[in-house]
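The values are calculated or read from the model by the stated rules, or taken from the named source; none is laboratory data. A quick note: this is a predicted structure, and the numbers were derived from the prediction, not measured. All Cβ positions, even for glycine, are placed from backbone atoms using ideal geometry, and neighbour counts span all protein chains on display.
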Amino acid sequence: MLELFQKGGPVMWPLLATSVIALSVIIERLLFTLRTLFRRKPMVVAEMFEAVEHSDFERAASLGTNSRDFLARTLGTALMHRDVSFSNGVLQAAGAELQRFNRGLSVLDTVITLAPLLGLFGTVTGMIRAFGLLGAGELGAPAQITGGIAEALIATAFGLLVAMIALIPFNYLNARLEQARQEIETAAAYLELLLLKAGKSNS
């Protein structure tokens, strides 16, 4: 494996760096996703809705802000700002929570784009090296010529491999981000309806 890596040429080092960065981000993001799933408390959100239905806004806000569930936390923060602007409170709280889901995705996106380009760069430099030997009349050194071609192929293959490995978790994490956004929008819309209903019943 080490010999194959060495045959890939100098471009393999930046490719190795991108693969290590991508792997670190993927592991951290997957651990974050697992923590988020274990912290989900649908019953807390249901209790918040029930408290709002009974016009117990302070209890509902307290349940949310003290929860480790991102959805309950978002709704609790929004409820704390209901007297000023509920919709702006939702936007602020949702932005903070979704930022946590979005962290690291730009790095993976960069790796997915950069790795094949680095592989292509290795392909170009390897072919230049091979054709340079041919142009210099080094026909008696076929090993060096084929080495340049091998460098080109190895760099391309490694770059594509890094991009493909990073693409799957990138799409999964993007899907989780979109799912969290939809959950927040749906719950916030329902909570706003409950607030309107509670306001009418108290008037």
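So S55 ticks every box in (1) of a type outside the set (F, W, Y); (2) within 27 Å of the chain's Cα centre (by Cα); (3) outside any helix (DSSP H, G or I) but one. Which box is left unticked? It fails just one condition, (2).
Scanning segment 94-125 for residues that are of a type in the set (V, I, T) and over 20 Å from S24 (Cβ atoms), we see that the one that is surrounded by the most Cβ atoms within 10 Å (Cβ to Cβ) is T123.
Every listed requirement among (1) touching a Gly at 6+ places or on another chain (Cβ under 7 Å); (2) at pLDDT below 90; (3) in a helix (DSSP H, G or I) is met by G9 save one, (3).
Which residue is nearest to E183 (Cα to Cα), if the candidates are limited to segment 67-93 and must be buried (at least 23 other Cβ atoms within 10 Å of the Cβ) and of a type in the set (A, V, I, L, M)? Taking the candidates together, the pick is L71. Can you spot a residue in segment 34-57 that is more than 30 Å from A157 (Cα to Cα), of a type in the set (S, T, N, Q) and loosely packed, with under 14 Cβ neighbours inside 10 Å? No, segment 34-57 contains no residue that is more than 30 Å from A157 (Cα to Cα), of a type in the set (S, T, N, Q) and loosely packed, with under 14 Cβ neighbours inside 10 Å. The condition of being over 19 Å from the mean Cα position of the chain (by Cα) and assigned to a helix (DSSP H, G or I) holds for only one of G95, G76, that being G76.
Is there a residue in segment 62-82 that is of a type in the set (G, A, S) and over 21 Å from K41 (Cα atoms)? Looking through segment 62-82, none of the residues is of a type in the set (G, A, S) and over 21 Å from K41 (Cα atoms). For segment 97-112, filtered to residues that are β-branched (V, I, T) and touching a residue at least 12 places away in the same chain (Cβ under 8 Å), the residue that is nearest to I168 (Cα to Cα) is I112. Could you grab me the full set of residues in segment 188-203 that are touching a Ser or Thr at 6+ places or on another chain (Cβ under 8 Å) and either polar (S, T, N, Q) or at pLDDT 95 or above (or both)? If the condition is that a residue be touching a Ser or Thr at 6+ places or on another chain (Cβ under 8 Å) and either polar (S, T, N, Q) or at pLDDT 95 or above (or both), then S201, N202 are the ones that fit.
Residues that are assigned to a helix (DSSP H, G or I), in contact with a helix residue (DSSP H, G or I) (Cβ under 9 Å, 6 or more places away or on another chain), among the hydrophobic types (A, V, I, L, M, F, W, C) and modelled with pLDDT under 70 within segment 100-149 comprise A130, F131, L133, L134, I145, I149, listed in sequence order.
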